[in-house]
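Novice: Dropping the structure in here first, questions after.
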Amino acid sequence: METSEAKAVYERRKVIAEPPFGQIKNSGFRSFSLRGKEKVEAEFSLVCTVHNFKKIVKKASTGSIRLEDLKKVRKAA
C-alpha cells in the first residue's frame, strides 16, 4: 500500500468491486440460508439479480431510463 501503483489499484477497487457488496449487506442480506457450494451460488445469484432489478426499477421510476430503451436492449440481445 505504500507504492503509488498499489494505491491506484486500491482506489479502483473501491469504485468497482466494493459498493455492490456493501449495498447488498445494507439491504438486509447478512448470511446464506443454505449449505453447499451449489446452493450458496444459486442463492447469491438470486440476491445479485434482485439487487440489479431494484436498481433498474429505481432508475425507471426516477425517469433516468425509459422502459422503451429496455425493450430495445432486449430485442438486440
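Novice: Looking only at the stretch 68-77, which residues are open to solvent by 90 Å² or more (accessible area, probe 1.4 Å) and among the acidic types (Asp, Glu)?
Specialist: Once the filter is applied, which keeps residues that are open to solvent by 90 Å² or more (accessible area, probe 1.4 Å) and among the acidic types (Asp, Glu), the stretch 68-77 yields only GLU68.
Novice: Considering only the stretch 5-45, state which residues are aliphatic (A, V, I, L, M), in a helix (DSSP H, G or I) and either more than 17 Å from the chain's Cα centre (by Cα) or surrounded by 11 or more Cβ atoms within 10 Å (Cβ to Cβ) (or both).
Specialist: From the stretch 5-45, those aliphatic (A, V, I, L, M) are 6, 8-9, 15-17, 24, 34, 40, 42; that's our starting set.
If we keep only those that are in a helix (DSSP H, G or I) as well, we get 6, 8-9, 15-16, 24, 40, 42.
Of everything in the stretch 5-45, those that are aliphatic (A, V, I, L, M), in a helix (DSSP H, G or I) and either more than 17 Å from the chain's Cα centre (by Cα) or surrounded by 11 or more Cβ atoms within 10 Å (Cβ to Cβ) (or both) turn out to be ALA6, ALA8, VAL9, ILE24, VAL40, ALA42.
Novice: For the structure I just gave you, tell me whether ILE65 is assigned to a loop (DSSP other than H, G, I, E, B), at pLDDT below 90 and surrounded by 10 or more Cβ atoms within 10 Å (Cβ to Cβ). Talk me through it step by step, then tell me what you get.
Specialist: Working: assigned to a loop (DSSP other than H, G, I, E, B): yes; at pLDDT below 90: yes; surrounded by 10 or more Cβ atoms within 10 Å (Cβ to Cβ): yes.
Here the answer is yes, as ILE65 does meet what is asked.
Novice: Would you point out which residue out of ASN26, ASN52 is of a type in the set (S, T, N, Q) and modelled with pLDDT under 90? Write out each step before concluding.
Specialist: Values: ASN52 fails: modelled with pLDDT under 90.
On inspection, the qualifying residue turns out to be ASN26.
The values are calculated or read from the model by the stated rules, or taken from the named source; none is laboratory data. Bear in mind the structure is a predicted one, so any value in this text is a computation, not a measurement. Virtual Cβ from ideal backbone geometry, glycine too; neighbours counted across all protein chains shown. SASA here: full protein model, heavy atoms, side chains in, ligands and nucleic acids out. Shrake-Rupley method; radii C 1.70, N 1.55, O 1.52, S 1.80 Å.
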